[in-house]
Structures are given as C-alpha cells and as structure tokens.
C-alpha cells in the first residue's frame, strides 16, 4: 500500500493511492477537522468489498487537493472509512497519473510526487490506554485520571472502552503518561484499578 502527502483544504493528511477504489474518498473524521464547512452536494449509498455490504456517505465539494506544488478543485466522497483519504481512480484517470511501483513515485502534469509504503509512514497505529495508578471517582463527578500509553505513536486520539465511566474522545501529542477526563455519572463511587484498560489510542496523521 502506497501513500502520498496531500493537503485537503489546507489540512495535511496522508492519502492512500487507491487504485482499487473507483472514487476518491475522505474520512468523515477528517472532514470534521476542516476549518470551513464543505457543502454537501448529495447523499449516497456506497458499495464496499463483500457481498451485500454498503455504507452511507455523501458527495461534497468543491475541495482543494494539493499534491506537491499542484492544486486541484475536486468533488469527493465522504464516508466513515479508517484511512484519512483514498485517492481513487476517478482522480488518477482524470489527471493522467502514472505510477512507478518500483521507484515508489507517481507522475502527473509532468511532476513527480514521492510515495511511501505503509511501513515507512507509521510503525504503530494503535496503543492501549490504561490507568496509571488506582483511583476512586466519586458519584456524579469528573476526575482527571493519570493514564499510560502502551507505546508512542505520535499525535493520537483516545476513544473510550471503559464501561464504568465516560471517557470523552480527546486528541493528544505523544506522551508516555497523560491525564484523561473521566466522568462518573452513577450514584456510587467507581474504583479504577491500576492497569485497567480505559481506551484505545489511534494515531491521527491529519492532526
């Protein structure tokens, strides 16, 4: 899998060069990070690999896609995908892109854009987030709980996996120890033991 550095409306992301994708797709989470709201042109259903599988999405635009020094105005599809962006066949064909797999480059409009393989861009995409030391959270209260990241993964977002308390999604710069807001909505004390899994940290290449 190859990726290229792209700026989407000025936001830096890593886009998968998706020769198996018919259209250019952007993650809904990336679109939510854009500084200005992008007009929705149409709501669509998209078929995915696998029999009978589909997902809800939309077509938005125009958006600015910058590759190197080149700038393009395009309509793109938005869907809840894992990757930040898939640069699909619609874009590749429209702009006459040629891909050199051996040289790990793509060429369009006479310019060569370097590509990187998945392993070259990121070695660790996810890490466990655990409680660093045992803590008791009083009823109907919020506590900043000292937590530990299993391994450094750069800028990351934490998503909750703890049923005892509410852990709001938050974005952080890589650090071995961090503090997370945890909300106890119950009427009793909640004890979180040291080492308890409270969430997953997912690397965010577009932040």
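Only the coordinates and a few stated rules stand behind these numbers; no lab work does. Everything quoted here is computed from the prediction, not taken from an experiment. A quick note on method: Cβ atoms are made from the backbone with ideal geometry, for glycine too, and the neighbour counts reach across all protein chains shown.
Among the residues of segment 76-100, count how many are exposed (fewer than 12 other Cβ atoms within 10 Å of the Cβ) and touching a strand residue (DSSP E or B) at 6+ places or on another chain (Cβ under 9 Å). Give the derivation first.
Pass one, segment 76-100, residues exposed (fewer than 12 other Cβ atoms within 10 Å of the Cβ): 80, 82, 93, 96, 98, 100.
Adding the requirement that they be touching a strand residue (DSSP E or B) at 6+ places or on another chain (Cβ under 9 Å) leaves 80, 82, 96, 98, 100.
So the count comes out to 5.
Inspect segment 22-31 for any residue being touching a residue at least 40 places away in the same chain (Cβ under 8 Å), within 24 Å of residue 203 (Cα to Cα) and in a loop (DSSP other than H, G, I, E, B) and give the result as yes or no.
Yes, that holds for at least one residue.
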